[in-house]
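The values are calculated or read from the model by the stated rules, or taken from the named source; none is laboratory data. Quick caveat: nothing in here was measured; it's all calculated off a predicted structure. Every residue, glycine as well, gets a Cβ built from its backbone with ideal geometry; the counts of neighbours run over all protein chains shown. Surface areas here come from the heavy atoms of the whole protein model, side chains and all, with no ligands, DNA or RNA. Shrake-Rupley method; radii C 1.70, N 1.55, O 1.52, S 1.80 Å.
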Amino acid sequence: TATAWEPEDVSSLLGSGLAADASGAEVVIGWDFPTSGSVLIPRGYFRDAAETEWVPVSGFPSTGATEFWRVISTGDTWVAVGEYRPSTIAGTSAHGTVWTSGDGIAWSPAEGNFGEGPLRSATSDVCAFPDGTPIAVGWVEESTGSYRMAAWAPSGDAWTRVDLGPSGDREGYASSCASDDRGVVVSATVGGRSVLLHTSPGASHTLLTR
């Protein structure tokens with residue numbers, strides 16, 4: 001039996017992610033090309049319960065190219081991560097981007113050094129520590145063609161790089177993460193090998209596999 005998309009408009013998006021909070025509120029975010037085809041614009045919807053209507057979210061950019069790959073709810077905050085390019089022209093450098101919302105409807109970009117200029121970066125996934133603090137994982141290009149695993153977490157009014165210990169000093173990248181009751185497990189490639197890195201509040205890092 002086929003099930004209709006909810007909201008129906010989501011079926012036209014190039015990609016989408018769904019998150020729910022403890023109360024049952026839901027957010028779905030994706031992106032698409034408008035008819036002009038010169039920009040890649042994110043769109044999203046929110047509803048505070050399964051029986052209520054979806055309403056459009058606001059705040060996302062209407063220029064450049066933004067793609068969101070993951071959205072979560074943690075504590076009283078919604079977090080979406082992905083990448084942003086100032087242009088859809090092929091070869092334009094992309095950089096990681098993090099957006100947050102307190103109500104699931106009004107979104108704003110997080111302050112932080114997620115990369116700029118010709119060197120690229122990405123925020124590939126986002127998870128939460130047991131205390132609800134979010135952590136975004138991905139990679140940064142430190143010099144042309146040389147990449148390092150990276151992670152960011154909020155500190156005061158901005159998101160800052162998280163010290164990942166010796167693993168963060170070697171060539172590599174983080175692709176995804178998962179939360180557990182002690183911290184966050186990061187799936188990454190370091191020095192050409194697939195690894196799992198367990199990180200917890202207080203900058204404690206354990207290499208689980210190599």
How much net charge surrounds Val57 when only other residues with a Cβ under 13 Å from its Cβ are counted (Lys, Arg +1; Asp, Glu -1)?
-2
Using a 1.4 angstrom probe on heavy atoms only, work out the carbon and sulfur share of the accessible area of the chain in %.
50
Run the numbers on region 60-115 and let me know its relative contact order in percent, using alpha-carbon pairs under 8 Å that are six or more apart.
29
Largest first, how would Trp99, Trp69 line up by accessible area (1.4 Å probe)?
Trp69, Trp99
Residues whose placed amide H lies under 5 Å from that of Thr160, excluding near-sequence neighbours
Ala153, Ser155
From largest to smallest, what semi-axes in whole angstrom does the chain give when each is the square root of 5 times an eigenvalue of its alpha carbon gyration tensor?
28, 22, 15
Can you give the Rg to Rh ratio of region 102-210, both from alpha-carbon atoms, with Rh computed by the Kirkwood formula?
0.97
Whose amide H sits under 5 Å from the amide H of Val98, counting only residues 5 or more places off or on another chain, with H placed in the peptide plane?
Ala110
Taking θ = phi - 60°, what integer Hz values does the Karplus form 6.51 cos²θ - 1.76 cosθ + 1.60 yield along region 181-198, in sequence order, with x for Gly and Pro?
7, 10, x, 9, 9, 9, 8, 8, 10, 10, x, x, 10, 6, 9, 10, 10, 9
Please work out the average accessible area per residue across region 21-175, using the 1.4 Å probe convention, and give it in Å².
45
Mind checking region 104-163 for GluC sites (Glu not before Pro) that DSSP puts in a loop (not H, G, I, E or B) and that have at most 11 other Cβ atoms within 10 Å?
Glu116
With R₀ set to 22 angstrom, the calculated FRET efficiency between the beta-carbons of Asp163 and Asp131, to the nearest 0.05, is 0.80
Under unit Cβ charges (Lys, Arg +1; Asp, Glu -1), what dipole magnitude, rounded to 20 debye, does the chain have relative to its Cα centre?
840
Given Cα pairs under 8 Å that are at least 6 residues apart, what percent is the relative contact order of region 5-75?
32
If R0 = 30 Å, then Ile89 and Glu111, at their Cβ-Cβ distance, give a FRET efficiency to the nearest 0.05 of 0.65
Built amide H within the under 5 Å cut-off of Trp31, gap 5+
Leu14, Gly15, Arg43
Could you run the Debye sum over the Cα atoms of region 61-149, one equal point scatterer each and no solvent, and tell me log10 of I(q)/I(0) at q = 0.10, 0.21, 0.24 Å⁻¹, two decimals?
-0.26, -1.01, -1.22
Using Cα-Cα distances under 8 Å and only pairs 6 or more residues apart, what relative contact order does the chain have, in percent?
11
Karplus couplings for region 89-105 from phi (6.51 cos²θ - 1.76 cosθ + 1.60, θ = phi - 60°), rounded to Hz, Gly and Pro as x?
5, 4, x, 5, 5, 9, 9, x, 9, 10, 10, 10, 8, x, 10, x, 10
